[in-house]
Amino acid sequence: MPPVLLSTRPLARAARCHPHYPVLDFLAPRTIPHALHQKSRIHSTPPLDALANAANPGTKPPLTPSQRDFLDSALRVNQAGELAAVLIYSAQTPPLVRSHPHLRPLMQHMYDQEAGHFRIFNSLLAKHRVRPTLMYPVWHAAATALGWGTAVMGREAAMACTEAVETEIGGHYNEQVRVLLEWADKLDGRGELGDELRALIGELRRIRDEELEHLDHAVMNDSKDARPYELLTNVIRGGCRTAIWISEKV
Amino acid sequence: MAPPAQLANCVRGTFRASSFRPTLWRQRCLYHSYEYSQPPPFPPAEAAILSSAISHVPAFGFTLDALKLGARDAGYLDVSTNLLPRGVFDLVNYHLVMQRLALKDSVQFPTEAEQGTGKKIGIGAKVRTLTLARLRANEPVIHRWQEALAIMAQPSYAPPSFAELAKLADEIWFLAGDTSVDTSWYTKRASLSAIYSATEVFMTQDTSKNFAETEQFLDARLEDVRKFGGFLGALGEWADFTGHSAVNVLRSKGLRI
């Protein structure tokens, strides 16, 4: 199907842009043919700074539905993950810092980085019209509970929670970067790799590196001394994987 | 591997194997690229037939006659309407999709620079403008629209019709400049879908000059949602504040939470 569509794209575009019946423009209500009315419009900047994009809307061949699907669920899961990370850190900080004041700068640094990631994914979702996960309020509550719970269990438990979450998240981002690099290779071969995908890959790599940095901080701060270490980390990692799977679909 | 990890892996494998997503859902959730073009909404032959058929709808309604005349105008045989397995619903769907895609070009808002120091148009006002624009796009076929609503209400066509309504609500919020990506993404689109469909039905029996009563109806519905949303927002803020204050007071008393 796709090759047929591509070769007759001009026909489809013409059919799309020129409906064969009068269209009433709300701003100037009179019945005139749509095509004529186009010329008298004041052109302006569409929302979300997409001026350049509107002037030159997508010149490369379309991404396949499975590629768009992948990008859609990838960005949705990433946003959900960063939401959880931000909430875990903000819930962990008060109990932890009360008993161990020297951890305040570290917690602040990790929180700031996660908040930055969250902002990035929020803007990507809004820009590319990806819907957020329906489980947003559930993850909100669960992440707050997880952060608070592990913090009252103690410093080592809080660090073990961070270690578990960051291990899963690091692996998850790594997988996404791998898939996107494969695409980038193929598209580059055809000369179709644009800034959009390149920028996305760059951002994901940087974010993955920062998440792994948090993992290192957690291990340096005695996460392995948590009791019960195996149970805690396996439950949290299992929970993360389940949450990732659910957010991809829902 | 420790038992909990093995269990997690096994469960994950089961989930992956039985991963089922209805086609409808898949078509809805798609990433919008700015560098890569969007595929055209209809295959070329169907687009040609449907675009000609639409021009016959004011005279013949959303019927097979309109489709056959459209096929003839486009240079196809009458029997080519068999290309459209859903018959007249495909015609209704074509109208819905094309009018939704036309919104981007038919409504333009002035930029910051063009507006100067005048009052900035709020997102609510933009949503109102876009919704009215889409409603007015029904005017050429409004006397046939009850027929279209009946076609859309059939059990096999209701799910795709709802999907189109949801896409329209998404389009309107996006063009109005909404950038929220939390739970309000869903509540905004749900409320706008309800308002739009109620106003559309009202418009089919509106006989006032230039559909003034439809505009008033829309304004009343938008006002209702604004008030209700405002109340819920205030309630949420209050609950949030009270909860945080309670926890902080207990912490200041020395309770280790």
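hydroxyl-bearing (Ser, Thr, Tyr), part of a helix (DSSP H, G or I) and free of Cβ contacts under 8 Å to residues at least 40 places away in the same chain - does that describe any residue in the stretch A:113-126?
yes
Which one is farthest from the chain's Cα centre (by Cα), of the residues in the stretch B:171-215 that are in a loop (DSSP other than H, G, I, E, B) and crowded, with 20+ Cβ neighbours inside 10 Å?
That would be B:181.
Would you say residue A:235 is of a type in the set (A, V, I, L, M), within 11 Å of chain B (Cβ to nearest Cβ) and surrounded by fewer than 19 Cβ atoms within 10 Å (Cβ to Cβ)?
yes
Is there any pair with a first residue in the stretch B:102-120 that is more than 12 Å from residue B:176 (Cα to Cα) and a second that is modelled with pLDDT of 80 or more whose Cβ atoms are under 6 Å apart and which are 6 or more apart or on different chains, and what are they?
Matching pairs, first to second residue: B:106/B:133.
For residue A:129, state whether it is within 14 Å of chain B (Cβ to nearest Cβ), outside any helix (DSSP H, G or I) and not acidic (Asp, Glu).
Spelling it out, residue A:129 is indeed within 14 Å of chain B (Cβ to nearest Cβ), outside any helix (DSSP H, G or I) and not acidic (Asp, Glu).
Residue B:95 - would you say it is free of Cβ contacts under 8 Å to residues at least 60 places away in the same chain and part of a helix (DSSP H, G or I)?
Considered against the rule, which asks whether it is free of Cβ contacts under 8 Å to residues at least 60 places away in the same chain and part of a helix (DSSP H, G or I), residue B:95 comes out as yes.
Determine which single condition residue B:195 fails, assuming it passes every other condition in (1) in contact with a Lys or Arg (Cβ under 7 Å, 6 or more places away or on another chain); (2) facing chain A (nearest Cβ under 9 Å).
(2)
Looking at (1) free of Cβ contacts under 8 Å to residues at least 60 places away in the same chain; (2) within 8 Å of chain B (Cβ to nearest Cβ), which is the only condition residue A:134 fails?
(1)
Restricting attention to the stretch B:47-59, does a residue exist that is part of a helix (DSSP H, G or I) and either of a type in the set (Asp, Glu) or more than 13 Å from chain A (Cβ to nearest Cβ) (or both)?
no
The values are calculated or read from the model by the stated rules, or taken from the named source; none is laboratory data. Everything numeric here is computed off the predicted structure, so don't read it as measured data. Methodologically, a virtual Cβ is constructed for each residue, glycine included, from the backbone with ideal geometry; neighbour enumeration extends over all protein chains shown.
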